[in-house]
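Below: one structure, written as structure tokens.
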Amino acid sequence: MFKSSTTAVPDTPAVPRHIAIIMDGNGRWATKRLLPRVAGHVKGVEAVRGIVEACVLRGVEYLTLFAFSSENWRRPADEVSLLMRLFVTALEREVSKMHANNIRLKVVGDLSRFDPKLQDMIANAERRTAGNSRLTVTVCANYGGRWDIMQATGKMVQANPGVTEFTEEMLAPHLAMAYAPEPDLFIRTGGEERISNFLLWQLAYAELHFTSTFWPDFTPEALDDAIASFQRRERRFGQTSAQVAKKTN
């Protein structure tokens, strides 16, 4: 189990150990170029490949990507169908490459609404890459932060019959991303400045970085800008600046 930032002061590495990203702006990227929205989503998949490679080179251990929220079902049916097909295509094309590069794949969220074929593909990809350790890439699909907390609470109560008082330590193992440390750095592309029901529990003490760059244009250099911004922050976790300075001297 990893330490919770609200119960213990975690390590503060110069390079974020865990980066979480809302990949926003695919549709607007396409619309701006008078292209169908599908073109933006296809280009967005290419951007994922570049950022995964960049994280490996920079020593990031965990990369979490918000691919499809539980609220995205509200989008037009044809766009949702397209996103599902893109998910299948990406799994078919990328899993072998990830495995060859010692990258582990995890997919978290309520997968029960997905086509059984896609569910099987996800399970197979996770099994195939389970032993890899260079980078863990998590794709959040049909995921919502409130769903995560609610499903974890239900599992915690079920695992502790008769108990009426609970702690963070009792809940933590049941969260969807219990296998990963809390994100150090949160990035949202596309110009919006909100968390949008993403990792509500886990982002408690993450440093937030917002950029107007649309996701298809988010390059390794843009990632470096976000990391440089992170490195300029003083991460106090409730302490004073003097306490932080004393620890680093």
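So the values come out like this:
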read-out	value
The chain: most fluctuating residue of Ser133, Ser112, Ser81 per GNM, C-alpha cutoff 10 Å	Ser112
Estimated dipole of region 125-242 in Debye, rounded to 20 [Cβ of Lys and Arg +1, of Asp and Glu -1, Cα centre]	260 debye
Separation of the Leu35 and Thr7 label points, Cα + 7 Å toward Cβ, nm	4.6 nm
Only Lys, Arg (+1) and Asp, Glu (-1) charged, at Cβ; the chain dipole about Cα centre in debye	260 debye
Surface accessible to a 1.4 Å probe, Arg194 within the full protein complex, Å²	120 Å²
Which of Leu199, Pro173, Val56, positive extreme of dipole for the chain (C-beta unit charges)	Val56
The chain, accessible surface, carbon-and-sulfur percent (1.4 angstrom probe)	52 percent
Net charge of Cβ neighbours under 15 Å - reference Ala39; Lys, Arg +1; Asp, Glu -1	+2
Estimated [θ] at 222 nm from DSSP helical runs (n ≥ 4, -39500 (n - 2.57)) normalised by residues in the chain, nearest 500	-13500 deg cm²/dmol
Candidate values [x] 1.03; [y] 1.24; [z] 1.29, label of the one derived for Cα Rg over 2.2 N^0.38 Å	[x]
Net charge over other residues, Cβ less than 9 angstrom from the Cβ of Arg104 (K, R count +1; D, E count -1)	+1
Selection from Trp215, Val80, Leu65, by position along the positive dipole direction of the chain (Cβ)	Trp215
Pairs from Lys32/Lys97; Lys3/Lys97; Lys106/Lys155 whose Cα-Cα separation, in the structure shown, is over 29 Å	Lys32/Lys97; Lys3/Lys97
Relative contact order, percent, region 23-77 [alpha-carbon distance under 8 Å, six or more residues apart]	27 percent
Solvent-accessible heavy-atom area per residue, rounded to whole Å², over the chain at 1.4 Å	52 Å²
Two-site label geometry, Tyr179 and Val15: point separation in nm, points 7 Å out along Cα→Cβ	2.2 nm
Cβ-Cβ FRET estimate between Lys155 and Glu46, R0 fixed at 30 Å, reported to 0.05	0.25
Extension gain, Leu57 back to Ala130 (0.36 nm per residue minus Cα-Cα distance, nm)	24.2 nm
Area accessible to solvent at Glu53, 1.4 Å probe radius, in Å²	110 Å²
Normalised contact order of region 86-172, rounded percent, pairs of Cα under 8 Å and 6 or more residues apart	32 percent
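The values are calculated or read from the model by the stated rules, or taken from the named source; none is laboratory data. Just so it is clear, the model here is predicted, and its values are computed rather than measured. Positions of Cβ are generated from backbone atoms using ideal geometry, with glycine treated the same way; all protein chains shown enter the neighbour counts. Ligands, DNA and RNA are excluded from the accessible area calculation, which covers all protein heavy atoms including side chains. Shrake-Rupley method; radii C 1.70, N 1.55, O 1.52, S 1.80 Å.
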